[in-house]
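The values are calculated or read from the model by the stated rules, or taken from the named source; none is laboratory data. Everything numeric here is computed off the predicted structure, so don't read it as measured data. Here Cβ is always computed from backbone atoms with ideal geometry, including for glycine, and neighbour counts include all displayed protein chains. Only protein heavy atoms, including side chains, enter the accessible area calculation; ligands, DNA and RNA are left aside. Shrake-Rupley method; radii C 1.70, N 1.55, O 1.52, S 1.80 Å.
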Amino acid sequence: MITLRKIGLVLFFGTQMILIIFGYFSDTKYFCWVPYDQISLYSIEVKVDNRFLSREEIQARYRQPSTGRENRNIENLISIIQQYESTYGAGQSANVKLTYQTNGKELKTWELTP
Amino acid sequence: MGVNTLTNAVGARVLALGLFGFGFATELLRSDLPFLPFIGFFDTIPIGAFNLCLGLLLIMSALGVLFNIRLRTSSLLLGLTILVSILSCKPLYSTSITLISCLLILIGLGLHGFLLRLQLSIVYFGASVNKLADNDWWNGAYFDFFATDIFHLPFYETIGQLFPGHLTFAKILGVTTILIELALAMLFLIRRSGNAPILLGILFHGFMLVWTKGELSVIYFYVMSIAYLLVYMKENESNRGLAKVFLTWNYRENKKIRLTYEHATYLSYALFIGMTKLPKIYRIVNVLYSDL
């Protein structure tokens, strides 16, 4: 017999499986059970109105430290910055520069310009 | 109290306490939500009203779990509250907290042994599948960085020198991790595997935690330990194996110590607090050792 509980359980586990498959093909890794799939050391610089934001301002802006270690895919951090700048910070025309080193390989830079 | 209720109560309580111990609950109560939500809809809800609702739900359901008031409903509500708060704020996302939320939801939906095994199997499947496609896990780049630049693993370089070729040891560690996670995903699905996946999981996570001097996600180890304990207790309900041990422990023949679920909860919590102090303890030992 199909009960509400059974439907809930199928949805609960089915969604997780779909998210794992989605995560496999996607750069951002959310809800797909992958902690420590890669490690990046990073630093964020943000310039708004020709002024560089302080560490505290960057922390308040993205709720992420301006420098630190990302224990999941670096694309997760990029998605946070992108989402902020395309929504709450859309009118501010910020220049964002993210410098990161993933798994000990060469330094890379990702930039967002207005 | 029935053994089934006891298991749920222990599990839900330790998970709820973990939420406060990890600082997630206080972070949630302090945060202005929604903020950069996963689902755009959340941005249409006024911040004040949303915060008030989430805060009230979190406190009420946590109290319900801690004081065993409508345990399953409280557990489901607490799990859903956490899930909604994560969905409403991308920076709040954490694998460990999401797993706590899932376990609480399962307890709320009427947890039984196989559902828990299925949940753990999915967790390990996700972890291994995503690593399978990542070259850095196969060529040793990930583990070498992890061991030398991030966690400074003791004996890593010494052991590595015993192997021929560049990064051979790192490659072995990377591939072994993937294989262990795949094995755990499969073993948890097979009921006949009994306690084998639990033992393998404890050895795997425990070894990594000790090798990283307690710096690698203590929270994850804590949550996994609770999940393992729940599987073990659930599967021993019929013969009241561990549950019986949990309730009464014979100590020196005639002295009997009754270990109620309340004690079990707080003992587990104390164990967690002890584990979070491991890096500090290690540093103190290291300083003392270098002074000698």
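Take each residue of peptide B:86-96, count the partner chain Cβ atoms within 10 Å of its Cβ, and average: the result is 4. Quick one: grab the alpha carbon gyration tensor of the stretch B:1-155, order the square roots of its eigenvalues as a ≥ b ≥ c, and give me rounded if a/c is under 1.5, else prolate or oblate depending on whether a/b is larger than b/c. Here the stretch B:1-155 falls in the oblate category. Enumerate the residues in the stretch B:128-158 having an amide nitrogen under 14 Å from the point lying 7 Å beyond the Cα of residue B:167 toward its Cβ. Counting only backbone N, you get B:134-149.
Prolate is the label for the stretch B:103-181, because a/c, from the alpha-carbon gyration tensor with a ≥ b ≥ c as root eigenvalues, is 1.5 or above and a/b exceeds b/c.
Between chain A and chain B, roughly 3900 Å² of accessible surface gets buried, counting both sides and using a 1.4 Å probe. Given the pairs A:97/B:131; A:6/B:171; A:105/B:90; A:47/B:213, which span a C-alpha to C-alpha distance of over 32 angstrom in this model? Too far apart for the 32 Å limit: A:6/B:171; A:47/B:213.
The simple Förster model, with R0 at 45 Å and r as the Cβ-Cβ distance, assigns residue B:176 and residue A:99 a FRET efficiency of 0.90.
Per residue, the stretch B:1-157 exposes an accessible area of 35 Å² to a 1.4 Å probe, with every protein chain left in place. Element breakdown for the stretch A:65-114 at a 1.4 angstrom probe: carbon and sulfur atoms account for 43% of the accessible area.
Placing dummy labels 7 Å off each Cα toward the beta-carbon, the span from residue B:152 to residue B:210 is 2.2 nm. Annotation: amide H of residue A:66 within the under-5 Å range of A:59, sequence separation 5 or more or interchain, hydrogens built in the peptide plane.
Positive end of the dipole of chain A (Cβ unit charges, origin at the Cα centre): among A:32, A:73, A:3, the Cα lying farthest that way belongs to A:3.
The solvent-accessible area of residue B:232, taken with every protein chain present and a 1.4 Å probe, is close to 80 Å².
Surface composition of the stretch B:1-133: carbon plus sulfur atoms hold 69% of the accessible area, using a 1.4 angstrom probe and ignoring ligands, DNA and RNA. Just the number please: accessible area per residue for the stretch A:1-67, 1.4 Å probe, all protein chains included, in Å². Counting only protein heavy atoms, the per-residue value for the stretch A:1-67 is 59 Å².
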